[in-house]
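Q: Before I ask anything, here is the structure I am working with.
The values are calculated or read from the model by the stated rules, or taken from the named source; none is laboratory data. Worth saying up front: this structure is predicted, and the values here are computed from it rather than measured. Reconstructed Cβ throughout: ideal geometry from the backbone, glycine too, with neighbour counts over all protein chains shown. Remember, those area values only see protein heavy atoms, side chains included, never the ligands or the DNA or RNA. Shrake-Rupley method; radii C 1.70, N 1.55, O 1.52, S 1.80 Å.
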Amino acid sequence: MNREIDGHTILTGLLGSPVAHSISPFMHNESFRQLGLNYIYLAFDVTTDKLETAVNGLRALNVRGFNLTMPNKNEMCKLCDKLSPAAKISGSVNTVINDNGVLTGHTTDGIGYMRALKKAGHTIIGKKITLLGAGGASTAILVQAALDGVREISIFNHRSASFTRMENVIEKLKTVSDCQIHLYDYSDERILKREISESTLLTNGTSVGMAPHTDASIITDSKIFHKDLIVSDVIYNPRETKLLRLARECGCHTLNGLSMLLFQGAEAFKLWTGKEMPIEIIAQKYF
């Protein structure tokens, strides 16, 4: 069903920089069209220094909600009136709902990741996983996995500001989850090999291997993989990173970041509209 933009059209959108490449406008606008909803989703190139001004404008315009992408997810936490439990723990917001001027921040990345695993037929509840990286994607996955009931999570990152921030996130998680969480430096490869050997899932939450640097892989020794290991990557361009190719060649089940992107968008869509995104149609059309 096609709708013309009129005086009743409800605005949603994306704030980030850059955003011209984003697939989110296609996903959401097609979903609105499929369900006959008088909504529109637009992408706005907004850097962090302009974020507060942009958010105040959207609040004044009473837009229904919006997404945040890099570099604005952490800064948005300070601009929300309320935060979901996962957003509060992670210190990151990628979806905002506006209820008559009251902005509530959510993080749907972790939910999207867990739904993607389930869709692929993988179960990690009650099991051990290893995460590579301590940035936004890894943090979102860590928080949701721990809240959902993953038994143990090992995280690897170089000592940096993100390492320190992850330490703070872990301390918060310990107060609301029984998950055993360990944070390690990459410097000791023996520990990395040990933790992966004991894990059901290995996930790359970094940008290593993303286009145009497709020859890079955060894991270079394929002997580290074992046949029962699931290997996933939050990257979706390329669709098969070098990490996933190495893992596939070793007989591992692999999963790229496309499903995570789809399902995190579906969660945002439901928050704004109260309706389920037509996942199968969107996946077939754009994924």
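Q: Considering the chain as a Gaussian network with a 10 Å cut-off on Cα pairs, which listed residue, 43, 140, 120, attains the greatest mean-square fluctuation?
A: Residue with maximal mean-square fluctuation among 43, 140, 120: 120.
Q: Under 12 Å from a label point 7 Å along Cα→Cβ of residue 211: give me every residue in segment 226-266 with its amide N that close.
A: 236-241
Q: Sequence neighbours fewer than 8 away in the same chain don't count; with that in mind, list the lysines whose C-alpha is under 21 Å from residue 270.
A: Qualifying lysines at Cα under 21 Å: 73, 82, 88, 118, 119, 285.
Q: How large is the charge dipole for the chain, taken about the Cα centre, if only the Cβ atoms of Lys, Arg (+1) and Asp, Glu (-1) carry charge, to the nearest 20 debye? Present the calculation step by step, with values, prior to reporting the outcome.
A: Values: 31 positive and 29 negative charges, 74 e Å.
Here the size comes out at about 360 debye.
Q: Per residue, what accessible area does the chain have, given a 1.4 Å probe and all protein chains present, in Å²?
A: Per residue, the chain has 47 Å² of solvent-accessible surface.
Q: So what are the ³J(HN,Hα) numbers for segment 73-79, from phi and the Karplus equation (6.51, -1.76, 1.60; θ = phi - 60°), rounded to whole Hz, Gly and Pro as x?
A: 5, 6, 5, 5, 4, 6, 9
Q: Right, next: Cα centroids of segment 85-100 and segment 1-55: how far apart, whole angstrom?
A: Segment 85-100 and segment 1-55 have Cα centres separated by 18 Å.
Q: Summing +1 for each Lys or Arg and -1 for each Asp or Glu, what net charge is found among the other residues whose Cβ lies under 9 Å from the Cβ of residue 266?
A: 0
Q: Would you mind checking segment 63-98 for residues with the amide N under 19 Å from a putative spin-label position 7 Å along Cα→C-beta of residue 5?
A: The answer is 63-67.
Q: A further question on this structure: At a 1.4 Å probe radius, carbon and sulfur cover how many percent of the accessible area of segment 3-118? The partial results should precede the final answer.
A: On the way: 2950 of 5320 Å².
Result for segment 3-118: 55 percent of the exposed heavy-atom area is carbon or sulfur.
Q: Cα gyration tensor of the chain, axes a ≥ b ≥ c as square roots of the eigenvalues: rounded (a/c below 1.5), prolate (a/b > b/c) or oblate?
A: Judged from the Cα gyration tensor, the chain comes out prolate (a/c at least 1.5, a/b above b/c).
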